[in-house]
Structure formats: C-alpha cells, structure tokens
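In what follows, a single structure is set out as structure tokens and then discussed.
Each value in this text was obtained by applying a stated rule to the coordinates, not by laboratory testing. Treat the numbers as computed from the prediction; the structure is a model and nothing was measured. For neighbour counting, all protein chains shown are included, and Cβ atoms are generated from backbone atoms with ideal geometry for every residue, glycine included.
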Amino acid sequence: MAGRKFYLTTAIDYVNARPGLHHAYEKTGADALARFHRQRGDEVFFLTGTDENATKNEQAAKEEGLTTRELVDRNAAEFQRLCQVWAISHDRFIRTSVDKDHKKGVQEFVRRWVENGDVYPSTYEGLYCTRCEAFYEEDDLVDGRCQFHPNNPDAVQRVKEENYFFRLSRYQDALRELYANDPGFTVPDIRRNEVLGWFERGLRDVSVSRGRNLEWGIPWPGEPGHTIYVWFDALINYVTGIGFGTDEKTFARWWPADVHVIGKDISRFHCIYWPAMLLAAGVPLPKRVFVHGFLENRAGRLSKSSGNTIDPFDFATAYGVDAARYLVLREAPFEKDSPISTDAFAQRYNADLANGLGNLVSRTLAMVARYFDGSVPAPCEGASERAVREVAEAALRDHDAAAEKLAFADALAAVFTLVDEANKHFQRTQPWQLAKDPAKRAALGGSLYAGLEAVRIVAYLLAPYTPGTSARIAEQLGVPAPDAARWAEVAKWGVLREGHRVRAGEALFPRLETPTAAA
RNA sequence: CGCGGGAUAGUGGAGCGGCACCACGUCGGGCUCAUAACCCGAAGGACGAAGGUUCGAAUCCUUCUCCCGCAACCA
C-alpha cells in the first residue's frame, strides 16, 4: 500500500458547547489512522473542523450577551486547542462559518442539485423547536414543550415556511444498489445493518433550507432570505475542505475520501443522506464510512446534553498526552460502545504503560548501560531470543491487520504481546546471572540484544498512538525518529548494529501510586 | 408486537453446538536488571429467567425480565 493517497475526515463538531472526552476520542482514533498511514508511506490528508452555522448559535450568543461571531469564535478556539493538546496531526481545520472556500463550495454543490432537478420548493408547516432546530410531531412534545428543552416554553413554535426539499426519494434504489454491491461501505456490520433497516421504511424527501430571513448560515444561491440547512452545509465540508468548487486540481487529487470517521448517532446522515447528496451533485462516493462507538459510564452515555463528560484537557494533563491517547483507544475499542471509568484508566495506565512498557525500556537500557557500557552487544540467538523474534514478527503483522480495520484496541494488544514476551525473555535468560560469569558473555549480549530489538520495534509500532513517547525511545536508542524513518527499513528484526550507542533516560510513564486520584 | 444491539468470574471483555477463556484486580511463591516493577502458580463463574431442540447448549428455538441505541437534538 506504500505511496498511495489516503484522505480521511472526522465529523466536524458543533460549537455550542465545550469539547468533551468523546470529541478527543474520535479525533485520536482518526489521528492514529492518519499517522499509521503516513508511517507506512502513504500520502495523507486529514480533515477535521467545526460545524458553526447552526441557528441555535444565535440564541446561545444572545443569552450570553455576545455576538454570534464572538460565541462561535470562542468555542471553535476550544476545539482547536483540543487538537493541539491531544497532538492531533490534521492537515486542515475547517470552520464552516469562516472559511470562504467552504461557503463557495457549498453554494456550488447546491447549484448542481438545482441544475439536476433534485430540489423543489414546498411549503412546510409544523412545530419547530428553535433550540433543536428540528421539526416535531404533536406526539413528540411533552405538555406542549420540547422534550429536550422543557424549561424553554418559547422554544417550540408553529411555523409555516417555504423550504427547498431535496429529492432523497429519487436515490433510494441507487443507495440500495450501493449497499448491495459494497458491503464495506458502512462498517462495522452492526452499523450497516441499521442502515439497511432504514431503507425498509422508505426514504422521504428532506427539507434542506430554512426560510426565515436568518442572519447566520450560508445563503441559498440566488435566494435571499433562505439559508442552507446546517446539516447539509456541514456534510459538504468533506469536499469543500479539499477544494471542491474552488480548487478542482486539489479536489481531484484527494477525493474520494478513503474513510469518514463518525459517531453512530450521525450515521443516518453519513450513510444515507450524504451518498445521495453526492450522487445528486455528480460527485463520486467516498469509499467507506467508519462508525465508531460511544464512551459510556454508569451515569449514562457521555454527551453534551447530559453534561457528564470527562474534561479532555484535564484528562490529558493528568496522564500526559501519549498516555491519554493510549488509554482511550485501548480501553474503548473503536468499533463498539465501551464502558469507561477513571479506575479502569488508572489501572490500565499502571499495568500497561508503567509496569509494562515503561519498565521494560528502563530495565533493558539499564542493563545495556551496566553490562556493556551503553554499547549494543552482538546478537546471539538462542531459543529464548528466537521466541522473542517470532513474537515481534507476529506483532508487526497482527498490528497492521487490526489497524487497517481501525480496531485500535486489538492493534495495541498485538504490540503489547511483544512487551510481555520481552519481559518473559529476561526472566528466562536472567542476564543479571549471566553477567556474573565471564564465560557467558556472548549469551548475555544476545539476551540484551533481543530486548533492545523488542523495545525498538514496539516504539515504532506505537508511534501512531504515542508519538511523543515513541520519539523519546527512538532517541534513547539512537535510531531515526518514527516520523523520519522509512518503514521498510525499520519494521523488521535485527536492525541495531553491534557497538551502536544507546542511553537510558527518565521513566517514560511514572507509576501512579494512588491510581484513582489521577483523573 | 416500530427497528436494532446487549445480559458470561470483583471489573471489563472473548467464545456463539462438544472439557468455560483472556486481561486487570485479589491471594501465595520466585527473582533482583528494572518505575515495590518483572516471572510462576492459585482462588473465584456453570454463562439474565423459564421452557424446548439435541447424544451434547453461553452457544439453536420459544416466552419472559432488565439494560442500551435508533426512529429529522447530540461524536
């Protein structure tokens, strides 16, 4: 796969609240995939950003005594800071209310619908919650109030307006065909099955504009007073972010997306609406939509509306960025829902990072320093060394197979089989005993060499998840930084040369003595 | 009967027709190079409830209970 282009996206985030751990989770998963592909030699474009054109931002701003612009800028900055703190390596952070190319591209996209006869005006009358920005049926309301905003008596209003509707129904057969021909379009299967279920109930045309002379939002082309419904403007970011409607050369280079990484709550939009929207605009479809699961705790799911989020900035500070990234991806398999808890994170930190990886690096380099004065000994492969080598070779294979599928918990587990094997290897060969007998010098060197190679390979394999730590280990080993190394040259056993200098460093992951206090 | 997913050792998971497995935690032992870390061993569950199919069921079927998600708020 070396040398191919790889374009991936995350969902863009609503700016009506602060970032939660779930935002960091999605971005970290996507980031690990981006870094994984770069490391294997692919050319990667990684897009993330904020979804800023929701009308509710106007109201939220009013309540805080700010202009809409001020509120949106302030909150968008928090999401950008999140990306910095969590070491997200995106190539572009798109802002839908700011970036001119987005606005222009969206209007071009809609213009194509119009040309294609896929939108038509129609009168819509119904109960509209201005807080949700959604229409509801009478049955959905509780005492005449929105069930999600019961404290806002004025939130629900009866509105009647001219809207443009998108002919979603026209694409039902094309979408069925897509799902029949390409079972991998939506993964994992559990999410695909949900999508198939939606088809069974049929697809209705959807309103894609708002006609209430809104100040905020992207104007409908040639139709003053109408704005493009925020959901549709948001989805189009995936093409405008790489030049659709403004830079066709760049667009042609990156599109179609190799994968859209999203949460399961918005799979309807990405798995049904988005492909139909693209078909209507005459744009090729993305290759895959990966629907990740949710972080859950006993207080219920983590979400903006329930307000039980773990602060992602505090979390990263408490554990360190690399550990934080490792913990969310290891504890919460990307492909499904997972319960999380601060206790589980803390235990995982000590077990895997402090006692496992950190201690292995520490003991290995300490022994090389003590017994060989920091100079790499000659390889000397006995039964134990061979076992380590074989586990390393399996880890390289198994990691990549899992990472390709975005199964990061499995991918990380594969890497840690090598950490465990190296620790067992030292117990088997007992270099501290061999060191007492000058006649066993070669065996001693061989044991430590195998340990060093294990550490080196682990560091490279973990680079997509723990970029800072991997770089530190590479530095201690005096080998090329993970960002700079050619994968084919480092991803194999036996690269370190006899006499090469290595040095011990500070503890990579200090053990937490009171685990529960960490977060 | 709106659709879908679950219920397995203290916790989190795997297994999905044939001796109930893994990780963490706990307990006991060993080692001493290392971040009181590492290694070895043990205890602990008969798999939500009831019924059925089968030589044999966490694993298939039926009913039930309880969770969760979706059904134009939400990653």
> Among all the lysines, which ones have a C-alpha under 26 Å from A:Lys440's C-alpha, if same-chain residues fewer than 8 places away are not counted?
Replying inline: A:Lys424
>> Nearest 5 percent is fine: what portion of the DSSP beta bridges confined to chain A is antiparallel?
In response: 50
> Given a cut-off of under 8 Å on Cα pairs at least six residues apart, what relative contact order in percent is computed for chain A?
Replying inline: 16
> So what are the three principal axis dimensions of chain A from its Cα atoms, in whole Å, longest to shortest?
Replying inline: 92, 45, 39
> Which percent of the Cα-Cα distances in segment A:322-367 go past 11 Å?
Replying inline: 67
> What relative contact order, as a whole-number percentage, does segment A:363-511 give when Cα pairs under 8 Å and 6 or more residues apart are counted?
Replying inline: 34
> Along the positive direction of the dipole of segment A:18-69 (beta-carbon charges: Lys, Arg +1; Asp, Glu -1; about the Cα centre), which of A:Ala32, A:Leu47, A:Gly20 reaches farthest?
Replying inline: A:Ala32
> Does segment A:188-258 come out rounded, prolate or oblate by the C-alpha gyration tensor, with a ≥ b ≥ c the root eigenvalues, rounded set by a/c under 1.5 and, if not, prolate when a/b is larger than b/c and oblate if not?
Replying inline: oblate
> What size of dipole, in debye to the nearest 20, comes out for chain A about its Cα centre when the only charges are +1 on Lys and Arg C-beta atoms and -1 on Asp and Glu C-beta atoms?
Replying inline: 1500
>> Quick check: the angle from helix A:359-372's long axis to the longest principal axis of chain A, C-alpha only, nearest 10 degrees?
In response: 30
> Is it possible to state the helix-based mean residue ellipticity at 222 nm for chain A, with each DSSP H run of 4+ residues giving -39500 (n - 2.57), the sum divided by total residues, to the nearest 500 deg cm²/dmol? What is it?
Replying inline: -14000 deg cm²/dmol
> Using r as the Cβ-Cβ distance of A:Lys104 and A:Ala180, and R0 as 30 Å, what FRET efficiency do you calculate, to the nearest 0.05?
Replying inline: 0.25
> Given R₀ = 30 Å, FRET efficiency for A:Gln430-A:Lys405 by Cβ-Cβ distance, to 0.05?
Replying inline: 0.15
> Tell me, what is the Rg over Rh of segment A:60-133, with Rh the Kirkwood radius over Cα pairs?
Replying inline: 1.09
>> Which one, A:Ala485, A:Phe509, A:Leu496, projects farthest toward the positive side of the charge dipole computed for segment A:456-519 from Cβ point charges (K/R +1, D/E -1)?
In response: A:Leu496
> Tell me, what is a quarter of the convex hull surface for the C-alpha atoms of segment A:1-121, in nm² with one decimal?
Replying inline: 9.8
> Rounded, prolate or oblate: which one fits segment A:207-356, using the alpha carbon gyration tensor with axes a ≥ b ≥ c (rounded when a/c is under 1.5, else prolate when a/b beats b/c, else oblate)?
Replying inline: prolate
> Say each of A:Arg204 and A:Glu63 gets a label point 7 Å from the Cα, pointing the same way as Cα to Cβ; how far apart are those two points in nm?
Replying inline: 2.8
> Along the Cα-to-C-beta direction of A:Ala484, a point sits 7 Å from the Cα; which residues of segment A:36-75 have their amide N less than 18 Å from that point?
Replying inline: A:39-41
>> Over the Cα atoms of segment A:413-519, what radius of gyration and what Dmax do you get, in Å?
In response: 15.5, 50
> Taking a ≥ b ≥ c as the square roots of the eigenvalues of the Cα gyration tensor of segment A:37-90, is the shape rounded (a/c under 1.5), prolate (a/b larger than b/c) or oblate?
Replying inline: prolate
